[in-house]
Structure formats: structure tokens, C-alpha cells
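Peer 1: What follows is a structure written as C-alpha cells; I'll ask about it next.
The values are calculated or read from the model by the stated rules, or taken from the named source; none is laboratory data. Predicted, not measured: the structure shown is a model, and the values here were computed from it. Don't worry about glycine lacking a Cβ; one is built from the backbone with ideal geometry, like all the others, and counts go over all protein chains shown.
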Amino acid sequence: MNDPLVFELVAISSSVIIFQRKTCRRFGKSCYNRSIQGREKILSQQDASEIGGLFLSVGFGKKLDGRPKQMPVYTTACPRNCYSTCAFKVHVENGVLRKIDPHPANKATPEGPCLKGLSYIERVYSPDRILYPLRKKQNSADFERISWESALNLIAEKITGFKNEFGPRSILYYTGSGTKGLLNAVGMNFWRLFGGCTTTYGDLCWPAGLEATRLTLGENKHNAPWDIANAKLIILWGKNAAETNIHQMLYINRALDNGAKLIVIDPRRTETSERAQLLVQPRPGSDGALALAIARLLIQNGQINTDFISRHVLGFDEFAKMAAGFTAEKAAEITDVPVKYIQRLADEIRTIRPVTINAGFGMQRYTNSGQTMRAIIALLAITGNIGKPGAGWIFANLQSHIFDAVKDPIAFYPPEKPDGTVRVSISTAKLGRDMLAAKDPPLKMIWVERGNPVTQNPDTNTILRAFRALNFCVVVDQFLTDTAREADLILPAKTMFEQSDVISAYWHPYIQLKQKVIEPPGEVRPESQIYYLLAKQLGFTDEELTGKIPGLSDADAISYLEKELKPFPELTLDTLKTTPILAPGHQEIAFADFVFPTPSGKIELFSGEAQKRWGADPLPVFFEPAESVRDGKNTAQEYPLYFLTSNTKNSIHSQFSNLKMIRQFASEPSLTIHPQDAKKRGISGKDRVRIFNDRGELKIKAVLDYGIKPGCVSLCNGWWISRGGTVNFCSPGRETDMGYGAAFHDNLVEVERI
Amino acid sequence: MLNNRVNQKSFIFDTNKCTGCGACILACSIENELEFGASRRRVFTFNEAHYPALPRFHLSLACNHCLDPPCLKYCPARAYHKDEQTGAVILDQDKCIGCKYCSWACPYDAPQFNPLSGLMEKCTFCEHRLAENIEPACVELCPTTALRFGDYGSEKNSTGVPGFTKTEIKPAIQLIPLQENRTVPEFSLQPAEAIQKKIPQSSPVSKIRLQSEWSLILFTLLTAILVGWISAAVVYGSRIDPVQFAGFGAGTLLISLGHLGKKSRAYRTILNWRHSWLSREISLFPLFLFLSAVFMLRIAEGHILKSFVLLSGVVLLVAMDKVYETVSFSRLRLHSAGTVLTGFLFFAYFAAQQNIFISVLFLKLVLYAGRKFNVELYRSKIHPLASVTRIIAGFFLPPVLFHYFSPGSAVFIFLFITTGELLDRCEFFLEMNIPTPQNQIVTDMLND
């Protein structure tokens, strides 16, 4: 062979080696960067000396061989706005959270927290966590670190200025449901001491259902979570327990193993409906008609519990007369559920005992939903499925809310007689509009705590306008949320591990303690300390703060809690440090005594109070919600799709979705759309789409799904605008028919390919 | 491989109870102090798009700690062992060379490459917890008790589950299939005829990426060239320059190193010559170079030496093809990108034997076409541009140039056939049918 060829070959091979090295280096480096970025950043961002050099000494990411023998283990409980409110154990090593274990003493959550609970291991140490007071730079969207001293000076100067010029009620004190705890009350104690403020009424989450239940049964309580294992027919009506209340699945599975039937009613085919025997997919907002048609079938065929009705039910005859108008045929037309399946539902409820109906929260976020919920409760009332094991209405169990002087939903309502100090005038559901409309005095400042109203309250665009019309905005948060981005001053918020507090729950009946197990990192201060320092800055004396705002030490916070626990001798912090405790007076089978604290003492299918308080029909009548494709209004023609903005396992509203641990399951928002609807619009899977109506728009990618009811599209709520956009650009600032809830789901949109 | 004394433990997974929440993934991540977002356990979903005719369920898989684990069997560095107390298949991080061969051998994709350490990592059954009599973290933290831990064979209801590859390697996992009352719910909305059909959202994807396997593709191709080159010298006495050959050989060896995550442990590659074709391949390569050097430097002569040179070259190439045949679960035995055939082609080229050259090319063309026309059988994918280039550059131009053979065209012939072979080899890598849970789900959805 001739030499030139061989030289050529050698040249090729050596250039290949060079190329190979280059690619190795490139891929190697980028992989390296990706993987260590997080942890290195923690070290560089946080002054190691200030947090006791925790990370350096522990060496996060080290192999297991050097594992210390016994880490201290603490009992705690997750304080998020979530059904499960899990108890768990946390291992702390040299002041750093290391591991999480289940806490079997909470019978409702014996197997441990969900993925979000586990992700606290990252959340507490996230490099994105806010660790210092931050002030927005002038004419910029960026923030700069300032000292607590300057931050407190600035706030004191601002709030005193607004108070002097416009009165204290020019300041809006806004709190969300970000974290539970008795110490949350300290905030309002401060503002009262300050001289007053403006605040909100109503609630984003669940008032229509609470009010419907209160009007009908007299009280919001239900059987203990584990009792559902005794049910023979379980109807999850608009609830996706597998994602939003995973611990309930333990007991639903147990019921199924014992031969129970599971029916899911939901426009979506969900993780929960996967294990059901029947999935009924009604048109959103039409559930009331479905319930009334089932009631009519039961009544007409004499398949009701007349003995129970005569003893415990008020207004049955009127109800029966009203329901008689809802033939299966008529309901089928309204609900899109075929007659056959309406009959099937009635048959199952008639033939199977006991029946538990568990309604989710989404279904009661329509403008007709208080009545819808009342109609569904009626099904249990007329069949006698209340007050018995395995039977009943599961919506909210407030039996552990023993510390509340006034229980929800009454606590949400504006006071009948204003006290002259705190103005309760802003509807949570209409936050943006009411903020802009406030007069005498107009709003000059907002203080946001435990909440992220920019993405989580309806009508984001109006809220943004209202925020930007203010003079000063303080946000207390752990992360730079979309609301925090609107702030002039951000104060770093504690996590659940950095201050002790006592929490209740709304699904299970336990009182639990979330213990302080680590020192707050950086310059984080619990809110109670922020208020204490601010009060001192304003010149209040310790005597004036006594009993209202605890001091700076852990002992001060503990004695505040002990004061709250005092009326309940069975609840001591020492016991709570090792185990959750069932709320005193807890009824395992709710209403087993058939005591219904309604005006009549009976289950009220006919509610005079509904009429008096809400101007509603005393009977649970059905009417179309404000936005409906069936009412022939222009809206429906322009915007023919129901926008379902459900919750997901991957977040609690807007919390957790910023963490790497969680982002591996969902990295960006995507719109679930039925292929039929997609085809009509020329959309194929993974196309980017624009979702819009008169209120706003967002642009995300589409995912085709054969399980969703055609005519509905769905995107879970909680996404940050900075990560793709909140669903609330499109939702209306509108109240539910009862309870001052937010009718998020009266939300018609159109979708187009972009 | 299975020691009867092994008290085999296993994960027990109940498809009825898993909601796909992912807590097990995070539990693993936290317990083993992995990077946030990394885990040795993964959850796979059957029927992501909710096709009405199919159930939807999840499979949470880590390592199945097989009774006859191919990772252990084929690991060239003998870095794996099976724990006698629990049956756990354990990878010794101090012995691993990061060659990723175990990840190819595992149909469940359990061993994962960590680019940071250059080593493979996998589930250990949380052996440190088992030692303290605590269940693995993923089991302890499953909120629905879908994931449990127990003796292998203890679960009566365990059978196969769609999406879980059936193999001969005896995976020690007990999978509880969906019970009759928990499969597909009855729907109140009857889906239109058109959407009764089942179309998986994604087509099967090879877990082999060309970006990360460049060194292997080049190493195997260059080795075939080396064997062809020396064989031509041995059989036909073609001229060969020992220095150039040695340089080329050393380069090839260096390229092979590029594939190892832990290059300093390269010597371990040959330790498992009894079971691993990879060890055999790597052991034969220096032997082949040595014999070639002896031949070229005329240290010894004669037919016996020549035979040994040829034999070592051919066996080296056979071993190389075996490496891929063993792990790919593929039906491809003789195929156009096999290194034996490639070696033969270059032999004919270097020996300037036109008839042999054209015959080999023709055989390769037939095999290549056969592979491409039997997409279904070989699961091959069509890359039109690559195929056209491969055929023109690799099959048609070289014979034409050979016909008008001149010293100047030799370089071009070489470049053309090298291009053709390189493309074929790349396509072969992409088509290697290494099962993964994702691909098994796609297959089973189509066949369900």
C-alpha cells in the first residue's frame, strides 16, 4: 500500500481522538455543572458561618459509610393547606434535616407523607430560598439585600406615614393558606395594636361547600378518615383523592378489598377513577341536576328511608316536589350523562348500603355550587346514609378546629357590626377589583403573608393592576414568587421546621405539633418575631404586647402556645412532641347522635337561612352557572371550552413546584385537551397553544388526552408566571352563590394553536 | 449462578395500589443522598394518554436483584456480587470501571451511569438498612403500601404485568396485576369508534445515544480496519509499515479508553474473561497487536505465526460482535455492520482483491437491505439520508473507483467505504434492541 494513504489514515485517527476528547470534556463539564450547581450555590449564597457551617461539616452528598449512628428524631406534622396534614418523623443531624420517616400514630396518614412532604429535605435548603430582607432596587425588577434594621425602619416609616395621612385602614393585610398554626393569629393582633387595617372576607377554597353543609347538616364534620373502609359504595364526586388526598386511597383500597364499589364522578379520567368501576363524566357545573335526577328516581320508586326522613329531615315534601321536575331524560340533556347511567347511579345508591359520598372542592367553585352541594347531601339524607359507619357526607371535618372562637365558614364572613378598627371589605374572590375600588380611605399599601395572590386568586391581570396601583408592598415569603416579585420589600419567611406551632386539620381529627427542629438559616425570622420587632420599633412596650405578640425567644413562642392549649388539659406540648392527639370531643362517626345543629334541629333540605342569608332558593334547586355553554349567551359561542384548573399531586397550590425533586415529575405546564377538540383546532400533541378569554391568556404546550370529557380542557393550578403562567389569567373574580367563595371554575375559554 | 443458600428477598409491587405519586423515587434519593432529582428508582406509566380501551397503571421499578443477573454475569471488571443474606445484587463502586456494559445487559435499565463519578450506580436494596432490620426507604415511605418488601416467592398473586419484560434472568420481583374490579372503569361517555384504537404516545427509543457511544463505534470500526490491514499483509504480502500500524493501533486503544468512566481502572476490563465477551475482546486486542508486531518486525516467521496473527484478528472481531449480540437481545446474528464482515471488506481493500472486495460488498448490501426492509422484524428505523449515503458511498462508488483503480483513487475508496461502514455501524447502534421498561410498555400497549 502506498504511504500517502496511511498518512491520511493516521491523520484521520488523530483528529478523531481530539474530537473525542472535546466532546467528553463538553458533556462531562455540563453534567458536572448541572449536578453540583445546587449544592455549591447553597454554600456560596449562605454565609456558612451564619448557619453554623452546617453544610461544610455535614458534607451533604457524602457516601453512606460515614453514617452517624443515632440522629435525633422529632415528631412533626405538615402544616400545608391539604386534606392529609400528615404526621411524620424527621431526622436531624448536626442541625440539618436529613431524613423523613412515617409516623404511624396518625391513623389517617400512617405510611408517611406524600412526595411534597419528602421534598422538604430540598425545600429548606433550596439555593433559591430567601434568607435576608430584600428591597427592590429603584427602577428595576431586581432586589438587593438590606439589613433587618433598615427593613424595619422602612416599614415603620411607611406604615406610620400612611396611618397619619390616610388612616390605618389604607393598609390591606392579606393572608393566604400557605401554612397553618396558632401563631398565625399574631399578625392580626399586631394590626389591631397598630390601630387597624383593612382585610379580606370570604375564602378561595371551600366556602360554598362549607356553607351548604352547615345549612343542611348544621355542622362541618364527617366520619373519621379510616371509616371509609367500612363503606360498600363510595362515590368520589369531583374528588381525585389519589392526587390530592393520597392517604385516603389506603382506606378506599381497603374498602375495595372488602368488596365495596367505587364510583367516580369527574369530567376527567383521573388517577382515582382508574381504580373505579364506573366513571361518570358530567358537564362541569351541572352536578346539581344530576343529583336531583337521582333523587327523583329514588323518590319515585319508593326507594327512600321514610323512617329516617320523618325523624331527621326537614322539607322533604317540598324537595320531592321540586326534584320531580328533573326526569332522567331532562338531566341527561343538561349533564351529558346518558339516562342509563343516571339510572345506574340511582340503582347503586338504592341497592348498596352503606353509602359514603365524598365531594371534592373543585365542584363547589361555581356560581351555582352551594345549591349543587346541598342537592348531593340530600341524596344521603333521603336514603338515611348519615350518622352510621361507612355512610355519610365527606366534605370537611372541622372537629379539630377547637381553637377557633368562630368556626369556618362563619369566620369568613364580614362581621355583622364592623368594630371600627379593622375594615373587612375586600372580597378574596374579587381581590383585584375590590382593591382598586376601595374608598375612604383608598388602599395605599398591602402586606402579604402566607399567600401568593398574584397567581392563586382569580383574575390575575386585575390583581397585578391593583398591586401596581399601590404605594408600598411588603411580602413575607420563602421564595421569589410572582407576588414577591411585586413587592417593594420582601421579608424572609420561616419553614415549618424553624418555629414550633400547633396545627389542626380538616380531614382527620388530630391536633398536632410541628416542632422547631432547626435554626432558621440566614437571617430568616418567624413572622411572630417580625411583628415583635416592628411593634418595638413603633414604640410599644412589652406590657402592651403581652399575650398578643410573643417575644423573640423560643420560650416566648412556647408559652404563647401553652396559653392557647390551656383550655384543653388533655393537650400538652410534651405529649404532642411525641404523638398526634385526637381532638377532644371527637366523634368518630359524625352525627351518630343524630343531633343536627340547624335552626330546626333536623337535616334541612328546605333552608330558611339559605334564603335569608344568601337570597337563595330555600330548596337546592339547579340553575346554570354564570358561564355555561348551554345558556346560549355570546360568551359560550366565543369561548366554548370549560377550563378545569384542578390540583395536582406535584404541588399544594403554588408551593413545591419550584423544587428539583418535584420538577422531575412536571417541568412545565401543559394543557390537557381531548383529541376531538384538538383536531377541530388543528392542534396536535406537544404543539404550543394559546388559552384565552376576555380576562386574559396564557401560552403553554398541549397534551392530547383521551380521558378528558370533550368540551373541557384542563391545566393544574399553581404554576408560576415565571415558569409558564398561571391559570388565573383566565379565571373570573366572582363569588360563589353561598359562602363568599371564589367561583374559579365558571371559566369558559377558547384554545388556539400558536 | 444462583446459590441455593441465598435467602432471596424481593420488592413486592401492587399495581392496584400505586397511584404513580413518586414518593418512592424521592425516598431513594434522600436515603442514598443522591442529587436532588436523581434516583435509583423510577416509575413508568402504562397508557399515559388514557386510551379508553386500556387500563392505566404504574410500574415502580428499581433493581429486581435477579437470580441470574446479567449485569453480574457480563460485567468485565467483576464489580458485581450477589449478597448471600438478601440476594441483593451489589455493585462494588471500588471495582466499577464505568463501561456501562451492565446497563446494556439489564432489560430493566437498573444500573445508571453517574457522569460525576464516572461509575455506574444502582439500587442496593438499602443493604445498610436491611442490616439494621429496616425495610428499604422506598418501601417504608410508599404512602399507599403499593410497594412492599418480603421473601421472594411469598406473594401468591404475583404474575407478569404488561410493560414488564419477561426474560430468563429470573428477576426477583413480585408484581401483583390489576384485579378484575380495578382495571378499566366503565365510562358514562362512550368514546367514538375512531378513538377506540390504541396508539402509544411515543415510539420505542434506543437507550443508546450516539453522542455517548462515539468511542465504541470508532473503536470497533478501527479494529476491523486494523485486522483487515494486517491480514492483507499476511495473506497477500501487501506492504505494511510497522510504525504506522503501531501508531494506528495505539490510537485505537486510546479511543477504547475514552468509553470508560474510570480510565485509571482500565486494567480491570479483562478480569471476567470467563464470562464476558467484553473481557475477551479487550484481552485479545493487545495479543493481536503483539502478534502483528512480531510478524511485521520479522522477529519470527513462518506459517504458524501467520496463522496465529490471522486467528487472533478473526477471533478478536468475533468477540467484538459477540459483545453486542449478547446484550442486544436482538435477532441480528449476521448483519451488514458486523465487524467480521467489515474486517473482511478492508482485507480485500488493502489486498487490492477486486473480486473479493465486490463479493463482500454485495453480501453486505443484501444484508443491509434485508435489515431495512424488515423493519418490523429487526425493529430497525429508517434514516433515509443516512441510508442513501450509506448505499451510495459504501456500496456503489467503491466498486466503480476500484474498476478504474489508480494510486490516487485509493484514498477515496478508503474514505467511501469507511463512511459507509461508519454510518452502518451508527445505525446498528441505534437499532440495537435493548429492552427498557419504556419500550416494553409501548410494545405491550400495541399488543394488548
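Peer 1: Which residue is nearest to the other protein chains (Cβ to nearest Cβ), if the candidates are limited to segment B:204-240 and must be free of Cβ contacts under 8 Å to residues at least 12 places away in the same chain and part of a loop (DSSP other than H, G, I, E, B)?
Peer 2: Among those residues, the one meeting the criterion is B:Arg239.
Peer 1: Going by the structure shown, is B:Glu140 modelled with pLDDT under 95 and closer than 29 Å to A:His91 by Cα?
Peer 2: On the way: modelled with pLDDT under 95: no; closer than 29 Å to A:His91 by Cα: yes.
In short, no.
Peer 1: Looking at A:Ile386, A:Ile402, A:Ile352, can you tell me which residue is crowded, with 22+ Cβ neighbours inside 10 Å and either out of contact with any Gly (no Cβ under 7 Å at 6 or more places or on another chain) or in contact (Cβ under 8 Å) with a residue 60 or more places away in the chain (or both)?
Peer 2: Result: A:Ile386 is the single residue among A:Ile386, A:Ile402, A:Ile352 that is crowded, with 22+ Cβ neighbours inside 10 Å and either out of contact with any Gly (no Cβ under 7 Å at 6 or more places or on another chain) or in contact (Cβ under 8 Å) with a residue 60 or more places away in the chain (or both).
Peer 1: Can you tell which of B:Tyr80, B:Tyr101, B:Tyr74, B:Tyr108 is within 13 Å of B:Ala172 (Cα to Cα) and among the aromatic types (Phe, Trp, Tyr)? Please lay out each step first, then the result.
Peer 2: Numbers: B:Tyr80 fails: within 13 Å of B:Ala172 (Cα to Cα); B:Tyr101 fails: within 13 Å of B:Ala172 (Cα to Cα); B:Tyr74 fails: within 13 Å of B:Ala172 (Cα to Cα).
Going through B:Tyr80, B:Tyr101, B:Tyr74, B:Tyr108 in turn, the sole match is B:Tyr108.
Peer 1: Hey, does segment A:255-272 have a residue that's assigned to a helix (DSSP H, G or I), within 14 Å of chain B (Cβ to nearest Cβ), surrounded by fewer than 24 Cβ atoms within 10 Å (Cβ to Cβ) and in contact with a helix residue (DSSP H, G or I) (Cβ under 8 Å, 6 or more places away or on another chain)? Full working, then the answer.
Peer 2: Within segment A:255-272, the first condition is being assigned to a helix (DSSP H, G or I), and the residues that meet it are A:255-257.
Applying the additional criterion that residues be within 14 Å of chain B (Cβ to nearest Cβ) yields A:255-257.
Subsequent filtering for residues that are surrounded by fewer than 24 Cβ atoms within 10 Å (Cβ to Cβ) retains A:255-257.
Next cut, in contact with a helix residue (DSSP H, G or I) (Cβ under 8 Å, 6 or more places away or on another chain) only: A:255-256.
Yes, there is a match, as at least one residue in segment A:255-272 is assigned to a helix (DSSP H, G or I), within 14 Å of chain B (Cβ to nearest Cβ), surrounded by fewer than 24 Cβ atoms within 10 Å (Cβ to Cβ) and in contact with a helix residue (DSSP H, G or I) (Cβ under 8 Å, 6 or more places away or on another chain).
Peer 1: So the check is Cβ under 6 Å with 6+ separation or different chains; which pairs have a first residue in segment A:648-663 that's more than 12 Å from chain B (Cβ to nearest Cβ) and buried (at least 24 other Cβ atoms within 10 Å of the Cβ) and a second one that's among the hydroxyl-bearing types (Ser, Thr, Tyr) and part of a helix (DSSP H, G or I)?
Peer 2: A:Ser654/A:Thr455
Peer 1: Now, a different point. Filter segment B:241-264 for residues that are more than 21 Å from the chain's Cα centre (by Cα) and more than 27 Å from B:Leu297 (Cα to Cα) and give the result.
Peer 2: B:Ser264 - this is the single residue of segment B:241-264 that is more than 21 Å from the chain's Cα centre (by Cα) and more than 27 Å from B:Leu297 (Cα to Cα).
Peer 1: Output the residues belonging to segment B:26-55 that are at pLDDT 95 or above, within 25 Å of the chain's Cα centre (by Cα) and of a type in the set (A, V, I, L, M).
Peer 2: Within segment B:26-55, B:Val43 is the sole residue that qualifies.
Peer 1: May I ask you to say which residue of B:Ser279, B:Ser292 is closer than 14 Å to B:Cys99 by Cβ and either more than 14 Å from chain A (Cβ to nearest Cβ) or assigned to a loop (DSSP other than H, G, I, E, B) (or both)? Talk me through it step by step, then tell me what you get.
Peer 2: Values: B:Ser292 fails: closer than 14 Å to B:Cys99 by Cβ.
Unique residue meeting the criteria: B:Ser279.
Peer 1: Right, something else. Return the residues of segment A:591-606 that are loosely packed, with under 15 Cβ neighbours inside 10 Å and of a type in the set (A, V, I, L, M, F, W, C); say none if nothing qualifies.
Peer 2: A:Ala592, A:Phe594, A:Val595 - these are the residues of segment A:591-606 that are loosely packed, with under 15 Cβ neighbours inside 10 Å and of a type in the set (A, V, I, L, M, F, W, C).
Peer 1: May I pose another question? For segment B:1-115, please list each of the helices (runs of 4 or more DSSP H) lying entirely inside it that holds at least 1 residues being away from chain A (no Cβ under 14 Å) and buried (at least 20 other Cβ atoms within 10 Å of the Cβ).
Peer 2: Values: elements: B:23-31, B:70-74, B:101-105.
Where helices (runs of 4 or more DSSP H) fall fully within segment B:1-115 and carry at least 1 residues being away from chain A (no Cβ under 14 Å) and buried (at least 20 other Cβ atoms within 10 Å of the Cβ), they are B:70-74, B:101-105.
Peer 1: Could you say whether any residue in segment B:68-88 is of a type in the set (S, T, N, Q) and more than 27 Å from B:Arg209 (Cβ to Cβ)? Please lay out each step first, then the result.
Peer 2: Our first condition is that a residue be of a type in the set (S, T, N, Q); within segment B:68-88, this holds for B:85-86.
In the following step, the residues that additionally are more than 27 Å from B:Arg209 (Cβ to Cβ) were identified as B:85-86.
Taking every residue of segment B:68-88 in turn, at least one turns out to be of a type in the set (S, T, N, Q) and more than 27 Å from B:Arg209 (Cβ to Cβ).
Peer 1: Only one of A:Tyr341, A:Tyr366 is touching a Pro at 6+ places or on another chain (Cβ under 7 Å) and assigned by TED's automatic domain parsing to the domain that holds A:Lys239; which? Walk me through how you get there before you give the answer.
Peer 2: On the way: A:Tyr341 fails: touching a Pro at 6+ places or on another chain (Cβ under 7 Å).
Just one listed residue meets the conditions, A:Tyr366.
Peer 1: Condition (residue is part of a helix (DSSP H, G or I) and at pLDDT 95 or above) applied to segment A:280-287: is it met by at least one residue? Break it down stepwise before answering.
Peer 2: Restricting attention to segment A:280-287, the residues satisfying the condition of being part of a helix (DSSP H, G or I) are A:287.
In the following step, the residues that additionally are at pLDDT 95 or above were identified as A:287.
Taking every residue of segment A:280-287 in turn, at least one turns out to be part of a helix (DSSP H, G or I) and at pLDDT 95 or above.
Table: residues versus (1) in contact with a strand residue (DSSP E or B) (Cβ under 7 Å, 6 or more places away or on another chain); (2) not in a loop (DSSP other than H, G, I, E, B).
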| position | (1), (2) |
| --- | --- |
| A:Ser657 | no, no |
| A:Gln676 | no, yes |
| A:Lys679 | no, yes |
| A:Tyr706 | no, no |
| A:Pro710 | no, no |
| A:Asn717 | no, no |
| A:Ser731 | no, no |
| A:Glu750 | yes, yes |
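Peer 1: Still on this model: So A:Val621 passes all but one of these: (1) part of a loop (DSSP other than H, G, I, E, B); (2) surrounded by 22 or more Cβ atoms within 10 Å (Cβ to Cβ). Which condition number does it fail?
Peer 2: (2)
Peer 1: List the strands (runs of 3 or more DSSP E) that sit entirely inside segment A:118-185 and contain at least 1 residues that are within 22 Å of the chain's Cα centre (by Cα). First the steps, then the outcome.
Peer 2: On the way: elements: A:134-136, A:143-145, A:171-175.
It comes to A:171-175.
Peer 1: Here is a further query. Do we find that A:Glu697 is more than 14 Å from chain B (Cβ to nearest Cβ) and touching a Ser or Thr at 6+ places or on another chain (Cβ under 7 Å) in this structure? Please lay out each step first, then the result.
Peer 2: Values: more than 14 Å from chain B (Cβ to nearest Cβ): yes; touching a Ser or Thr at 6+ places or on another chain (Cβ under 7 Å): no.
Here the answer is no, as A:Glu697 does not meet what is asked.
Peer 1: Go through segment B:171-196 residue by residue and tally those that are modelled with pLDDT of 85 or more, within 12 Å of chain A (Cβ to nearest Cβ) and assigned to a loop (DSSP other than H, G, I, E, B).
Peer 2: Total satisfying the criteria: 7.
Peer 1: Which of the residues spanning segment A:230-248 are more than 13 Å from every other protein chain (Cβ to nearest Cβ) and out of contact with any strand residue (DSSP E or B) (no Cβ under 8 Å at 6 or more places or on another chain)?
Peer 2: Listed by number, the list holds a single entry, A:Asn230.
Peer 1: What are the residues in segment A:624-635 that are surrounded by fewer than 16 Cβ atoms within 10 Å (Cβ to Cβ) and in contact (Cβ under 8 Å) with a residue 12 or more places away in the chain, if any?
Peer 2: First, pick out the residues of segment A:624-635 that are surrounded by fewer than 16 Cβ atoms within 10 Å (Cβ to Cβ): A:630-634.
Matches in segment A:624-635: A:Arg630 only.
Let's see how each residue does on (1) of a type outside the set (A, V, I, L, M, F, W, C); (2) more than 10 Å from every other protein chain (Cβ to nearest Cβ); (3) closer than 18 Å to B:Cys24 by Cα; (4) free of Cβ contacts under 8 Å to residues at least 40 places away in the same chain:
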residue	(1), (2), (3), (4)
A:Asp101	yes, no, yes, yes
A:Lys107	yes, yes, no, no
A:Pro110	yes, no, yes, no
A:Lys116	yes, no, yes, no
A:Tyr125	yes, no, no, no
A:Asp128	yes, yes, no, no
A:Tyr132	yes, yes, no, no
A:Lys137	yes, yes, no, yes
A:Ala141	no, yes, no, no
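Peer 1: Within segment B:398-417, restricting attention to residues that are touching a residue at least 60 places away in the same chain (Cβ under 8 Å) and more than 8 Å from chain A (Cβ to nearest Cβ), which residue is nearest to B:Leu365 (Cα to Cα)? Don't jump to the end; show me each part of the working.
Peer 2: Within segment B:398-417, the subset touching a residue at least 60 places away in the same chain (Cβ under 8 Å) is B:413-414, B:417.
Those still in the list that are more than 8 Å from chain A (Cβ to nearest Cβ) too: B:413, B:417.
Numbers: B:Ile413: 16, B:Ile417: 12 Å.
Out of the qualifying residues, it is B:Ile417.
Peer 1: May I pose another question? Name every residue in segment A:672-694 that is within 26 Å of A:Asp459 (Cβ to Cβ) and within 14 Å of chain B (Cβ to nearest Cβ), in order of residue number.
Peer 2: A:Thr672, A:Ile673, A:Asp677
Peer 1: Moving to a separate point now. Quickly run through segment A:217-254 and pick out the residues that are aliphatic (A, V, I, L, M) and assigned to a helix (DSSP H, G or I).
Peer 2: First, the residues of segment A:217-254 that are aliphatic (A, V, I, L, M): A:217, A:224, A:228-229, A:231, A:233-236, A:241-242, A:246, A:249-250, A:252.
A:Leu217, A:Ile228, A:Ala229, A:Ala241, A:Ala242, A:Ile246, A:Met249, A:Leu250, A:Ile252, listed by residue number.
Peer 1: Quick one: count up the residues across segment B:242-256 that are within 10 Å of another protein chain (Cβ to nearest Cβ) and without any contact (Cβ under 8 Å) to a residue 40 or more places away in the chain.
Peer 2: Of the residues in segment B:242-256, 8 are within 10 Å of another protein chain (Cβ to nearest Cβ) and without any contact (Cβ under 8 Å) to a residue 40 or more places away in the chain.
Peer 1: Looking at segment B:306-365 only, could you name the residues that are assigned to a helix (DSSP H, G or I), among the small types (Gly, Ala, Ser), touching a helix residue (DSSP H, G or I) at 6+ places or on another chain (Cβ under 6 Å) and more than 17 Å from B:Ser238 (Cα to Cα)? Break it down stepwise before answering.
Peer 2: First, the residues of segment B:306-365 that are assigned to a helix (DSSP H, G or I): B:306-328, B:339-350, B:354-365.
After this cut, where a residue has to be among the small types (Gly, Ala, Ser) as well, the list is B:307, B:312-313, B:319, B:328, B:343, B:348, B:359.
Then keep just the ones that are touching a helix residue (DSSP H, G or I) at 6+ places or on another chain (Cβ under 6 Å); that gives B:312-313, B:319, B:343, B:348.
Scanning segment B:306-365 gives B:Ser312, B:Ala319.
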